[in-house]
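Some notes on the structure that comes next.
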């Protein structure tokens, strides 16, 4: 970066740049879209068995883990909690970080940071973004997930030690 103040050029028609030198209001095609979410889980009230929450997005007609883009200035963990609440209606207690998922969306890189998170209460209300949720046994969830990277995330969670699923005190 040249050391030129970010505000320089406003009056003169120049480009306003952020701290990384990117034009404000414009995104670089090489800069990844940043998102965050959770593999939301609970214990069945009836059997005590693990259940995983999947969301159905009618726009894509797919089943996935709750996730969404970070807002400006928002931490990935805060975004993950917000997205879980917005998409599932449930509050959650995040535990261990899970692998970051990277893929292309319309030719642009996307990075999604994930946590295992135990559902702590709430109830689902359908909306235009998510019209259904399903709480499923991990094997059934794996079969229902649309994308392979979501199945890989589930597999990583299942392979982790059970205590890694527990909420962390600082989360």
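The values are calculated or read from the model by the stated rules, or taken from the named source; none is laboratory data. Note that the structure is a prediction, hence the values are computed from the model and not measured. Ideal geometry is used to build each Cβ from the backbone, glycine not excepted, and the neighbour counts take in all protein chains shown.
For region 104-121, enumerate the residues that are more than 10 Å from the chain's Cα centre (by Cα) and more than 16 Å from residue 52 (Cβ to Cβ).
Going through region 104-121, the residues more than 10 Å from the chain's Cα centre (by Cα) turn out to be 104-110, 116-121.
Of everything in region 104-121, those that are more than 10 Å from the chain's Cα centre (by Cα) and more than 16 Å from residue 52 (Cβ to Cβ) turn out to be 104, 105, 106, 107, 108, 109, 110, 121.
Would you check if there is a residue in region 110-117 being under 21 Å from residue 46 (Cβ atoms) and not in a loop (DSSP other than H, G, I, E, B)? Full working, then the answer.
Just the residues of region 110-117 that are under 21 Å from residue 46 (Cβ atoms), to begin with: none.
No; the residues of region 110-117 include none that is under 21 Å from residue 46 (Cβ atoms) and not in a loop (DSSP other than H, G, I, E, B).
Let me spell it out: the conditions are (1) modelled with pLDDT of 95 or more; (2) closer than 30 Å to residue 163 by Cα, and residue 58 meets all of them except one. Which number is the exception?
(2)
What's the number of the only condition in (1) surrounded by 14 or more Cβ atoms within 10 Å (Cβ to Cβ); (2) touching a strand residue (DSSP E or B) at 6+ places or on another chain (Cβ under 7 Å) that residue 122 fails to meet?
Just one mismatch for residue 122, condition (1).
Taking the stated definitions as given, is residue 101 part of a loop (DSSP other than H, G, I, E, B), within 17 Å of the chain's Cα centre (by Cα) and either in contact (Cβ under 8 Å) with a residue 12 or more places away in the chain or surrounded by fewer than 12 Cβ atoms within 10 Å (Cβ to Cβ) (or both)?
Criteria not met by residue 101.
Being part of a loop (DSSP other than H, G, I, E, B), touching a strand residue (DSSP E or B) at 6+ places or on another chain (Cβ under 8 Å), at pLDDT below 95 and surrounded by fewer than 16 Cβ atoms within 10 Å (Cβ to Cβ) is true for just one of 146, 168. Which residue is that? Spell out the reasoning first.
Working: 146 fails: at pLDDT below 95.
168 is the lone residue from the list that is part of a loop (DSSP other than H, G, I, E, B), touching a strand residue (DSSP E or B) at 6+ places or on another chain (Cβ under 8 Å), at pLDDT below 95 and surrounded by fewer than 16 Cβ atoms within 10 Å (Cβ to Cβ).
Based on what the data block shows, is residue 135 surrounded by 13 or more Cβ atoms within 10 Å (Cβ to Cβ) and more than 11 Å from the chain's Cα centre (by Cα)?
Yes; evaluated as a whole, the condition is true for this residue.
Across region 149-165, which residue is surrounded by the most Cβ atoms within 10 Å (Cβ to Cβ) among those that are in a helix (DSSP H, G or I), touching a strand residue (DSSP E or B) at 6+ places or on another chain (Cβ under 8 Å) and at pLDDT below 95? Please lay out each step first, then the result.
Our first condition is that a residue be in a helix (DSSP H, G or I); within region 149-165, this holds for 149-159, 162-165.
In the following step, the residues that additionally are touching a strand residue (DSSP E or B) at 6+ places or on another chain (Cβ under 8 Å) were identified as 149-150, 152-154, 156-157, 164-165.
If we keep only those that are at pLDDT below 95 too, we end up with 164-165.
Values: 164: 14, 165: 17.
Taking the candidates together, the pick is 165.
Does any residue in region 79-97 that is surrounded by fewer than 22 Cβ atoms within 10 Å (Cβ to Cβ) come within less than 6 Å, Cβ to Cβ, of a residue that is in a helix (DSSP H, G or I) six or more places away or on a different chain, and which pairs are these?
So the pair list comes out as 96/164.
Inside region 34-90, can you point out the residues that are assigned to a loop (DSSP other than H, G, I, E, B) and more than 21 Å from residue 136 (Cα to Cα)? Break it down stepwise before answering.
Step one: of region 34-90, the residues assigned to a loop (DSSP other than H, G, I, E, B) are 44-49, 58-61, 65-66, 70-75, 89.
Once the filter is applied, which keeps residues that are assigned to a loop (DSSP other than H, G, I, E, B) and more than 21 Å from residue 136 (Cα to Cα), region 34-90 yields 59, 70, 71, 72, 73, 74, 75.
Is it the case, given these coordinates, that residue 110 is touching a helix residue (DSSP H, G or I) at 6+ places or on another chain (Cβ under 8 Å) and at pLDDT 95 or above?
The answer is no for residue 110.
Which condition number in (1) in contact with a strand residue (DSSP E or B) (Cβ under 7 Å, 6 or more places away or on another chain); (2) touching a residue at least 12 places away in the same chain (Cβ under 8 Å); (3) surrounded by fewer than 15 Cβ atoms within 10 Å (Cβ to Cβ) is the one that residue 58 fails?
The single condition residue 58 does not satisfy is (1).
Test of understanding: among 48, 73, which residue is over 23 Å from residue 107 (Cα atoms) and modelled with pLDDT under 95?
Numbers: 73 fails: modelled with pLDDT under 95.
The conditions single out 48.
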